[in-house]
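K.L.:
Let me give you the structure first, and then I'll get to my questions.
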Amino acid sequence: MQDYVVQVKDFRKVYGDMAAVDGISFEVQQGEIFGLLGPNGAGKTTTMESLEGLRQPSSGTLKIFDIDPTRQPKRLHHLLGVQLQASSLPGSMTPNEAMEFFCAYHQVNPRHDLLERLGLGEKKLSQYSTLSTGQQRRLALALAIAHDPPVVLLDEPTAGLDVGSRVELHEVMAEMRAKGATIILATHDMAEAEKMADRVAILLKGKIAATGSPTQLTASGRGLVKISVLSETGSLLKNAGVFPAVSQQIIKDEYVIFYSRDAGETAPAIFDFLKIQDDRLVDLRVERPTLEDRFLEITQPDSSNGGES
Amino acid sequence: MTAFFHHFMYDFRIGLREKSLLMLNYLFPLGFYVLMGLLMTGLNPTFAPTMIPSMILVAVMACTLLGLPNPVVESREAGIFRSFKINGVPALSIISIPVLSNFVHMILVSIIITVTAGPFFKAGIPANWGYFVLILLLTIFTFASLGMLIGVVAPNSRYIVLFSQLIFLPSMILGGLMIPSNMLPPALFRISLLLPTVHSMNAWRGLAFNMEPAFNPYSSVLILLVSGVIAFILAIYLFNWDSKNKLSGRNPLLALLTLLPFVIGAIFLGG
């Protein structure tokens, strides 16, 4: 077994004059969940589809189990489970038929249990065109993992899913990882990436802007702690004053939100201020920086979140 | 083999389940057959002897030229072929299975027409059943391959209508279905040799119905076979999985090669 299941080296994909992906490199180990994050147009789907063999790289190499997806796609079919961002099935095909159809091509027994598990039991005889977007996404996921592939590529798997289905999907992903499957997850959902991914790469304009574990990435940012305060008379809204270690403060939904370099300095100063103003604390929340905060720092460096006041 | 069989059975069921395909595969050709049986046999005495092959040809054209290409274009545009590709469905299956399931639909329709046309409309019965079946299979293969090729090269549904009608409408008028093609004026007769229906009718007349063919029926068999094989090979060669991301980059104008046997036929058989 190779050290790395997925290897991407100097991968570049150009459309006309525009580089959708501009020389990215990363590796993914067996049993790892690797998150690809980035705003729209960052190159996530192009990277995923090139790994799936649906697009041809302009230069660089992509390998899964040392197999080139463009040159030897047939060798990859049984090793790869794919949920595409944009795909479809024939409108009159039922989930049951789809399961039998694709499992036949993968030479495995149909996994009707997966349809039940992903909440499609009652819809297994309904035509694809009558399924909701969420049901279609769940069916695509069931089909992607029905043949127990060692590598799974999921492109926005939770888009359009309700909360219950999202939790179920995360459980399925955790089970697949426990069984040794390698998962590449392209997502907009930062909470999902933070919860599920062992490592992430943040793509920006076709390049990798940052990579590492969610904890590493979060720690490598400016590390501003978010302190949200709601008081009884709203004295902070009228006259917030200047508090120690605060880089920026904003008002949102009656809350005053402080971005602080040191919550230990800022919070007591806020309490003192409220006492002087004869105001009473209703709610106070201290949140460490999330992956989303770090993501916004990288992708929107001029945004208000965490910017210096 | 199991996957191929599953795919085939699914495709065959779709031909009955989808209303538009059911209409083109069965309802339209059988309705047209009954209508023509009631009207044309009285109006045109030359119609009844070749009613069976004529009505079979209408059915084959509706099923293949009008019914086959649209699902191909729709599947490509909707990303269905992308789903197929990542799950290992080969292009050969995508091309050949609809052709095969169309064979089954058309054989069923042909049986209905052949069995009922004699007793109900006094239609001519084939004198040589072997040739009748052979030309039927060849005709379905050629038209299904042409229909599949149209689906593969048509950039969108509007082009399907254009390409299909370029064959369908002239065939209905000049294709020897209602009147024998050798009754056409010489210039029109030469043009009609570009139409596959003329060759199917000529082969059936000469080889299966013991009627006077317009020209050598074996040339018609050869032209249909060569054109069908070219169309089938080109359908696989020009096939694209994805409307936005064409991996093959092959020129769709190559599809015109499938007309070459008909052009050669028109040059050498028209005189």
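The values are calculated or read from the model by the stated rules, or taken from the named source; none is laboratory data. For clarity, every value in this text was computed on a predicted model and none was experimentally measured. Note: ideal-geometry Cβ built from the backbone for every residue, glycine included; neighbour counts use all protein chains shown.
Matching residues to (1) outside any helix (DSSP H, G or I); (2) within 26 Å of A:ALA174 (Cα to Cα); (3) in contact with a His (Cβ under 8 Å, 6 or more places away or on another chain):
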| residue | (1), (2), (3) |
| --- | --- |
| A:GLN85 | yes, yes, no |
| A:PRO90 | yes, no, no |
| A:ASN96 | no, yes, yes |
| A:MET99 | no, yes, yes |
| A:PRO110 | yes, yes, no |
| A:LEU115 | no, yes, no |
| A:LEU125 | yes, no, no |
| A:LEU141 | no, yes, no |
| A:HIS147 | yes, yes, yes |
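K.L.:
Just to check your reading of the model, which residue among A:PHE243, A:PHE258 is in contact with a Phe, Trp or Tyr (Cβ under 7 Å, 6 or more places away or on another chain), part of a loop (DSSP other than H, G, I, E, B), surrounded by 14 or more Cβ atoms within 10 Å (Cβ to Cβ) and at pLDDT 75 or above?
P.N.:
Just a single option satisfies the conditions, and that option is A:PHE243.
K.L.:
So A:GLU168 fits all but one of (1) on the phi < 0 side of the Ramachandran plot; (2) in a loop (DSSP other than H, G, I, E, B); (3) among the acidic types (Asp, Glu); what number is the exception?
P.N.:
Result: A:GLU168 passes all but (2).
K.L.:
If I ask for residues that are within 14 Å of chain B (Cβ to nearest Cβ) and either among the aliphatic types (A, V, I, L, M) or assigned to a loop (DSSP other than H, G, I, E, B) (or both), which ones from segment A:22-67 would you list?
P.N.:
Across segment A:22-67, the qualifying residues are A:MET48, A:LEU51, A:GLU52, A:GLY53, A:LEU54, A:ARG55, A:GLN56, A:PRO57, A:SER58, A:ILE64, A:ILE67.
K.L.:
A:CYS103 fails exactly one of the following numbered conditions: (1) in contact with a His (Cβ under 9 Å, 6 or more places away or on another chain); (2) facing chain B (nearest Cβ under 7 Å). What is the number of that condition?
P.N.:
(2)
A quick yes/no check of all residues on (1) touching a Gly at 6+ places or on another chain (Cβ under 8 Å); (2) modelled with pLDDT of 90 or more:
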| position | (1), (2) |
| --- | --- |
| A:HIS78 | yes, no |
| A:THR130 | no, yes |
| A:GLY134 | yes, no |
| A:ILE145 | yes, yes |
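K.L.:
Output the helices (runs of 4 or more DSSP H) that fall wholly within segment B:142-207 and possess 2 or more residues being over 13 Å from B:LEU259 (Cα atoms) and under 16 Å from the mean Cα position of the chain (by Cα), or say none.
P.N.:
Output list reads B:157-174, B:196-203.
K.L.:
Could you check, for segment A:183-197, whether at least one of its residues is without any contact (Cβ under 8 Å) to a residue 12 or more places away in the chain and either part of a helix (DSSP H, G or I) or in contact with a strand residue (DSSP E or B) (Cβ under 7 Å, 6 or more places away or on another chain) (or both)?
P.N.:
No, segment A:183-197 contains no residue that is without any contact (Cβ under 8 Å) to a residue 12 or more places away in the chain and either part of a helix (DSSP H, G or I) or in contact with a strand residue (DSSP E or B) (Cβ under 7 Å, 6 or more places away or on another chain) (or both).
K.L.:
Same structure, new question: Select from segment A:31-48 the residues that are over 15 Å from A:LEU203 (Cα atoms) and crowded, with 17+ Cβ neighbours inside 10 Å and write down the one among them that is nearest to the chain's Cα centre (by Cα).
P.N.:
Step by step, filter segment A:31-48, then rank; the result is A:ILE33.
K.L.:
Contact list please: Cβ distance under 9 Å, first residue in segment B:175-202 and among the aromatic types (Phe, Trp, Tyr), second residue in a loop (DSSP other than H, G, I, E, B) and modelled with pLDDT under 85, pairs at least six apart or on different chains.
P.N.:
Between residues of segment B:175-202 that are among the aromatic types (Phe, Trp, Tyr) and residues that are in a loop (DSSP other than H, G, I, E, B) and modelled with pLDDT under 85, the close pairs are B:PHE189/B:GLY270.
K.L.:
Could I ask something else about it? Which one of A:GLY91, A:GLY60 is under 30 Å from B:SER20 (Cα atoms), touching a Phe, Trp or Tyr at 6+ places or on another chain (Cβ under 6 Å) and not β-branched (Val, Ile, Thr)?
P.N.:
Result: A:GLY91 is the single residue among A:GLY91, A:GLY60 that is under 30 Å from B:SER20 (Cα atoms), touching a Phe, Trp or Tyr at 6+ places or on another chain (Cβ under 6 Å) and not β-branched (Val, Ile, Thr).
K.L.:
Further question: Of these, A:PRO150, A:PRO110, A:PRO95, which one is farther than 30 Å from A:LYS13 by Cα and surrounded by fewer than 22 Cβ atoms within 10 Å (Cβ to Cβ)?
P.N.:
Exactly one of A:PRO150, A:PRO110, A:PRO95 is farther than 30 Å from A:LYS13 by Cα and surrounded by fewer than 22 Cβ atoms within 10 Å (Cβ to Cβ), namely A:PRO110.
K.L.:
Looking only at segment A:218-235, how many residues end up being more than 15 Å from A:VAL286 (Cβ to Cβ) and touching a Phe, Trp or Tyr at 6+ places or on another chain (Cβ under 9 Å)?
P.N.:
2
K.L.:
Please pick out the residue among B:ASN251, B:ASN240 that is within 30 Å of A:SER58 (Cα to Cα) and within 14 Å of chain A (Cβ to nearest Cβ).
P.N.:
Step by step, each of B:ASN251, B:ASN240 is checked, and only B:ASN240 is within 30 Å of A:SER58 (Cα to Cα) and within 14 Å of chain A (Cβ to nearest Cβ).
This table checks each residue for (1) more than 14 Å from every other protein chain (Cβ to nearest Cβ); (2) of a type in the set (D, E, K, R); (3) under 18 Å from the mean Cα position of the chain (by Cα).
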site	(1), (2), (3)
B:TYR33	yes, no, yes
B:LEU39	yes, no, no
B:LEU65	yes, no, yes
B:ALA78	no, no, no
B:ALA91	no, no, no
B:ILE97	no, no, yes
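K.L.:
Do any residues in segment A:285-299 that are under 17 Å from A:GLN248 (Cβ atoms) have Cβ atoms under 6 Å from those of residues that are buried (at least 22 other Cβ atoms within 10 Å of the Cβ), where the two are at least six apart or on different chains, and which pairs are they?
P.N.:
Taking only residues 6 or more apart or on different chains, the pairs are A:VAL286/A:ILE227; A:ARG294/A:LEU217.
K.L.:
From the list A:LYS238, A:LYS226, A:LYS205, which residue is at positive phi and not acidic (Asp, Glu)?
P.N.:
A:LYS205
K.L.:
Based on what the data block shows, is B:THR2 in contact (Cβ under 8 Å) with a residue 24 or more places away in the chain and surrounded by fewer than 17 Cβ atoms within 10 Å (Cβ to Cβ)? I'd like the intermediate steps shown before the answer.
P.N.:
Working: in contact (Cβ under 8 Å) with a residue 24 or more places away in the chain: no; surrounded by fewer than 17 Cβ atoms within 10 Å (Cβ to Cβ): yes.
In short, no.
K.L.:
Now a separate question. Just to be sure I understand, how many residues within segment B:174-214 are surrounded by 24 or more Cβ atoms within 10 Å (Cβ to Cβ) and on the phi > 0 side of the Ramachandran plot?
P.N.:
So the count comes out to 1.
K.L.:
For residues in segment A:68-87 being surrounded by 21 or more Cβ atoms within 10 Å (Cβ to Cβ) and aliphatic (A, V, I, L, M), which is nearest to the other protein chains (Cβ to nearest Cβ)?
P.N.:
A:VAL82
K.L.:
Could you pull out the residue among A:GLU49, A:GLU32 that is under 14 Å from B:ARG82 (Cβ atoms) and modelled with pLDDT of 90 or more?
P.N.:
It is A:GLU49.
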